[in-house]
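Asker: This is the structure I want to talk about, given as structure tokens.
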Amino acid sequence: MIKKFVLLFFTVFTLIIAEGKIVYLTFDDVPNKNTPKLLEILKKEQIKATFFPIGNYIRKESDKDIIRQIKDDGHALGLHTMTHDAKKIYNKSKPETLVNELIQEQDLIESITGERVIIFRPPFGSFKNITKIQADQMVNKGIKLWDWNAGSGDWMHKNVPDIMKTLKQMGTGPKMVVLLHTKDITVEALPEVIKYYRSKGYEFRAWSLDEHFMLNSLKDPRL
Ligand SMILES: [Zn+2]
């Protein structure tokens with residue numbers, strides 16, 4: 001009887017977890033001076049997130065320390081190109097530039113953390129930027145592409161209420177991928193963002209290959 005009861009309890013418990021909504025907080029354009037502040041908030045809130053560094057931002061030893069810290073804190077790391085220069089990486093006559101930058105960034109991050117990361121967040125999103133040729137090149141290199149479905153507008157907003165208003169307009173689907181950056185306003189808004197998704201019953205996760213799902217404008221299931 002007790003055994004049955006315990007079993008029932010765990011079944012119900014598992015179902016609740018399985019049906020729970022998941023939010024992935026993602027931070028583009030790290031590392032910079034604000035990144036340690038974001039890491040501190042996430043640690044305090046016991047939340048795992050995903051960070052997309054710009055390769056050329058990783059110069060000094062202190063930049064590398066931040067990259068190591070991201071990994072050591074249990075967050076996921078991804079790729080965001082070396083230059084973040086749309087004219088270069090999305091130049092239609094030189095499609096290989098993008099994948100070359102991604103491989104260069106993979107090498108760089110691996111030299112710092114020992115891990116070869118494969119998830120790519122395209123600067124400015126994949127829409128109208130990534131071509132079929134580039135998608136093929138990424139697939140060949142085992143790289144996955146991940147856009148977002150909830151832009152926070154933290155790159156343009158000057159205050160927290162505007163960011164929250166923008167995020168709330170993105171809805172509360174079963175899996176939300178929230179685009180954030182590393183601005184002063186992002187640091188200010190992050191506790192509010194966390195509070196909001198908690199209040200809506202979301203569980204916070206970092207990207208992982210096991211749980212990867214398609215989120216690209218090409219609707220390419222290989223990415
Ligand atoms: Zn970016």
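The values are calculated or read from the model by the stated rules, or taken from the named source; none is laboratory data. All values derive from a computational prediction rather than experimental measurement. A quick note on method: Cβ atoms are made from the backbone with ideal geometry, for glycine too, and the neighbour counts reach across all protein chains shown. Areas reflect the complete protein model, heavy atoms only, side chains present, ligands, DNA and RNA absent. Shrake-Rupley method; radii C 1.70, N 1.55, O 1.52, S 1.80 Å.
Asker: Assign unit charges at the C-beta atoms only (+1 for Lys and Arg, -1 for Asp and Glu), then state the dipole size of the stretch 175-215 relative to its Cα centre in Debye, rounded to the nearest 20.
Answerer: Taking the Cα centre of the stretch 175-215 as origin, the dipole is about 140 debye.
Asker: Further, regarding this structure: How long are the three semi-axes of the equivalent ellipsoid for the stretch 128-214, computed from the Cα gyration tensor as the root of 5 times each eigenvalue, in whole Å, largest first?
Answerer: 28, 16, 11
Asker: Relative contact order (percent) for the chain, with alpha-carbon contacts under 8 angstrom and 6 or more residues of separation?
Answerer: Computed over the chain, the figure is 28 percent.
Asker: Each label point is 7 Å from the Cα along the Cα-to-Cβ direction; what then is the distance between the points at Ser208 and Met156, in nm?
Answerer: In this crude label model, Ser208 to Met156 measures out at 3.6 nm.
Asker: Hey, another quick one. In nanometres, what is the gap between the two model label sites at Gln104 and Lys128, each 7 Å from Cα along Cα-to-Cβ?
Answerer: It works out to 2.6 nm between the two label points.
Asker: By how many nm would the segment from Gln69 to Thr83 grow when fully extended, if each residue of separation counts as 0.36 nm and the alpha-carbon distance is taken off?
Answerer: Result: 2.8 nm gained on full extension.
Asker: Just need log10 I(q)/I(0) for the stretch 46-158 at q = 0.19, 0.21 Å⁻¹, Debye formula, equal scatterers on the alpha-carbon atoms, no solvent, rounded to two decimals.
Answerer: Log10 of I(q)/I(0), two decimals: -1.04, -1.22.
Asker: Roughly to the nearest percent, how much of the accessible area of the chain is carbon and sulfur, given a 1.4 Å probe?
Answerer: Whole-percent figure for carbon plus sulfur exposure: 58.
Asker: Now for a separate question. Rounded to the nearest 0.05, what FRET efficiency do Lys94 and Lys219 give with R0 = 25 Å and r taken as the Cβ-Cβ distance? Could you check?
Answerer: Calculated transfer efficiency: 0.50.
Asker: Provide the packing ranking of 97-110, 199-212, i.e. peptides ordered by the mean count of other C-beta atoms within 10 Å per residue, highest first.
Answerer: Highest-to-lowest ranking by the protection proxy: 97-110, 199-212.
Asker: What does the convex hull of the Cα atoms of the chain come to per residue, in Å³, rounded to a whole number?
Answerer: In the chain, the Cα hull volume divided by residue count equals 141 Å³.
Asker: Name the most mobile residue of Pro174, Pro95, Pro123, meaning the one with the largest mean-square fluctuation, in a Gaussian network model of the chain with Cα contacts below 10 Å.
Answerer: Looking only at Pro174, Pro95, Pro123, the biggest GNM fluctuation is shown by Pro174.
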